[in-house]
Amino acid sequence: MLSLSELQGAFAAHLRGAPAARLAELVVGGGVAAGDRLAVYRNNFSGALTGALRLAFPAVEKLVGAEFFVAAADRFARRSPPAVADLALYGADFPGFLRDQPGLGAFPYVAEVAALEWAVNEAYYATEATPLAAQDLAGIAPADYGDLVFLPHPSLRLVTSAFAIDRIWSAVKAEDDAATSRLDATGPAFVLAHREGFDVTVAAVDKATFEVTARLMAGLSLAAALAAAGPDFPAAEVLAEHLGHGRFAGVRLGGADVLPPDVREKERA
């Protein structure tokens with residue numbers, strides 16, 4: 001007789017493709033073979049996880065075709081089942097899995113597009129936060145600007161690739177087959193993804209802007225983030241662009257947080 005932990009382990013292994021021999025004798029009869037009964041759970045397991053991956057990676061599915069995608073998703077699900085119950089968080093390792101798929105050797109950009117799609121998925125489900133606006137900085141003296149440490153919005157994600165993943169993703173998302181077939185996949189691409197309202201915005205930027213943004217996200221002060229960008233970097237324009245699109249959720253100066261007014265009111269409450 002299997003212990004509870006052994007039963008659970010055997011059932012989990014069967015869901016991922018292991019033989020049902022250890023479980024069959026424990027399944028109640030009733031006109032349906034034990035293997036057929038267990039297959040219902042295994043198929044539901046695979047179908048649910050494959051469905052979650054299809055929702056998170058629609059452009060990848062269109063690029064590789066439904067048959068290839070479902071087969072790859074099923075292999076991934078059996079190898080990497082979810083660690084948490086929320087299927088919206090399932091698929092973080094799928095781009096890396098795709099890099100190792102032999103059928104995609106001639107199409108290395110597919111895994112890179114998958115990485116962008118996962119960033120979009122993370123941005124969509126990220127924690128809500130009130131964006132920092134330009135007027136929130138009105139009380140800060142210009143002499144202190146260099147010491148500002150910006151707090152990124154929880155939805156902000158950065159993705160870079162040797163391929164034109166933003167153009168590929170946009171063409172596939174628009175279902176423009178003609179544009180997709182003519183598309184030059186050559187990169188590089190430097191992409192910011194973040195949620196604005198109920199939608200995720202994907203924006204391509206130049207390398208210098210990407211690197212400055214990455215340093216800001218890492219917690220460097222504005223002066224430190226700009227130090228390697230050179231004197232010709234349009235710092236004011238880039239910062240205005242970030243603030244205008246709500247890519248930051250707060251700012252810190254001298255160990256104190258400077259937050260949007262409504263956030264301060266909620267904290268006092």
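None of the figures in this text is laboratory data; all of them are computed from the coordinates on show. Computed from a predicted model, the values in this text were never measured in an experiment. Glycine gets a Cβ as well: all are built from the backbone with ideal geometry, and neighbour counts include every protein chain shown.
Things to note:
- With the simple spin-label model, which puts each label point 7 Å out from Cα in the Cβ direction, the Phe198 to Ala85 separation comes to 2.6 nm.
- The packing ranking of peptides 131-139, 149-157, highest mean first, is 149-157, 131-139, where packing means the average number of other beta carbon atoms within 10 angstrom of each residue.
- Local electrostatic count at Glu117 - Lys and Arg +1, Asp and Glu -1, tallied over other residues with Cβ under 12 Å: 0
- Remark: relative contact order (segment 135-244) = 30 percent; criterion is Cα-Cα distance under 8 angstrom and separation of 6 or more residues.
- Rounded to two decimals, the Cα-based Rg/Rh of segment 154-241, with Kirkwood Rh, is 1.04.
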